[in-house]
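Step one of this worksheet: look at the structure below.
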Amino acid sequence: MATLSDVRVVATSALVSVSDVVLNLIVALLTGSTIMLSQALQGLSDLVTGGLLYVGVRRSRRAADARFQFGYGREIFFWVLIASIIMFAGTGTMSLYFGYQQVMYPSAVEYVWVAFAMLLFGLCTNGYAFSLSLRRLHQEGEDQGEHWWRHLVNSSLIETKATFAIDFLGTSAAIMGLVALGVYQFTGLAQFDGVGSILIGLTMMVAAVMLVRDIHDLIVGRGVDVKTLAALKREALAVKGVNAVLDLLTMYVGSSKLFVVMELHLADNFTTDEVERIVDTVKQRIHKKIPLVHHIQIEVETPDEELAQRLKNTRE
């Protein structure tokens, strides 16, 4: 199966967002439906989020310098945080407000068939964009040897998660809009148009909270999962001369960029040159087998119990 490029995924999501904003806004003005207005707001949120993600990705790829010696990889976390706040406080709350107004002061929705047609069109376009994001996650998960859902939870690819959330929101908002307008058409109660808008707003707010929670962990300094830790240890122990991994610390310094600090216990009687070759071999194996490792620092140490025994022997 051909590799699905991130450019295609992002470009498709952006085009769908543009159509969501323009077409849904026109239909909202024509029909007076708060659901269609919420759809337009959701598309606008997607556009803003996509723009911030683009800025964040470009800035996070800048080379390291004297001031930021590990590079600018963590900057993507900041831009996704800003996008999430806009999604929650801006579009989410506005959809809630307009929905509340329609529930409390209902007004009839005109040309309901136009709204239905636009929602069906939005369901198709957003569904296609969502399928591309899902395929992308499947491919990335297979590359990491794990299920796509586990990869979504554990991955530091926050821009991929944000794109996935955008496309999921667009698809689910179209479904909720169709259901709400269907109930309105069946009952004649315009309040259901407002209920649909409220549900769309709540969905955006929940998605924003989930993104913020994930970003919080990455900003604080989240490390890798147990499976990746085991893989790091396994690659180090596979090198001849390495007796044990005494300590292992990890932290993400960007999207899919891992900083690793490893303490190794080596066999005795190696020369300095041999120790250096062993350390270089460990680094090479880890970089080759675990590509997300961006920087690795290895220290050669003596186990505490061995140091204690040496000290005891010296005193005796």
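Tally the residues that are among the hydrophobic types (A, V, I, L, M, F, W, C) and free of Cβ contacts under 8 Å to residues at least 24 places away in the same chain, restricting the search to segment 30-67. Give the steps one after another, and end with the answer.
Kept after step one, since they are among the hydrophobic types (A, V, I, L, M, F, W, C), are these residues of segment 30-67: 30, 35-37, 40-41, 44, 47-48, 52-53, 55, 57, 63-64, 66.
Narrowing further to those that are free of Cβ contacts under 8 Å to residues at least 24 places away in the same chain: 40, 63-64, 66.
Total satisfying the criteria: 4.
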Practice problem: Pick out the one residue from 78, 98, 70, 130 that is modelled with pLDDT under 85, aromatic (Phe, Trp, Tyr), in the same structural domain as residue 208 (by TED's automatic domain parsing) and more than 16 Å from residue 166 (Cβ to Cβ). | Solution: 70
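Quick one: count up the residues across segment 72-121 that are acidic (Asp, Glu) and either crowded, with 23+ Cβ neighbours inside 10 Å or at positive phi (or both).
Going through segment 72-121, the residues acidic (Asp, Glu) turn out to be 75, 110.
Keeping just the survivors that are either crowded, with 23+ Cβ neighbours inside 10 Å or at positive phi (or both) gives none.
Summing the residues that are acidic (Asp, Glu) and either crowded, with 23+ Cβ neighbours inside 10 Å or at positive phi (or both) in segment 72-121 gives 0.
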Quiz item: modelled with pLDDT under 85, surrounded by fewer than 21 Cβ atoms within 10 Å (Cβ to Cβ) and not charged (D, E, K, R): does that describe residue 155?
Solution: no
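Being part of a helix (DSSP H, G or I) and over 22 Å from residue 252 (Cα atoms) is the requirement here; does residue 103 meet it?
Details: part of a helix (DSSP H, G or I): yes; over 22 Å from residue 252 (Cα atoms): yes.
Considered against the rule, which asks whether it is part of a helix (DSSP H, G or I) and over 22 Å from residue 252 (Cα atoms), residue 103 comes out as yes.
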Quiz item: Just one of the numbered conditions (1) surrounded by 19 or more Cβ atoms within 10 Å (Cβ to Cβ); (2) without any contact (Cβ under 8 Å) to a residue 60 or more places away in the chain is not true of residue 196; which one?
Solution: (2)
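The values are calculated or read from the model by the stated rules, or taken from the named source; none is laboratory data. Bear in mind that the values here come from a model prediction, so they are computed numbers and not experimental data. Virtual Cβ from ideal backbone geometry, glycine too; neighbours counted across all protein chains shown.
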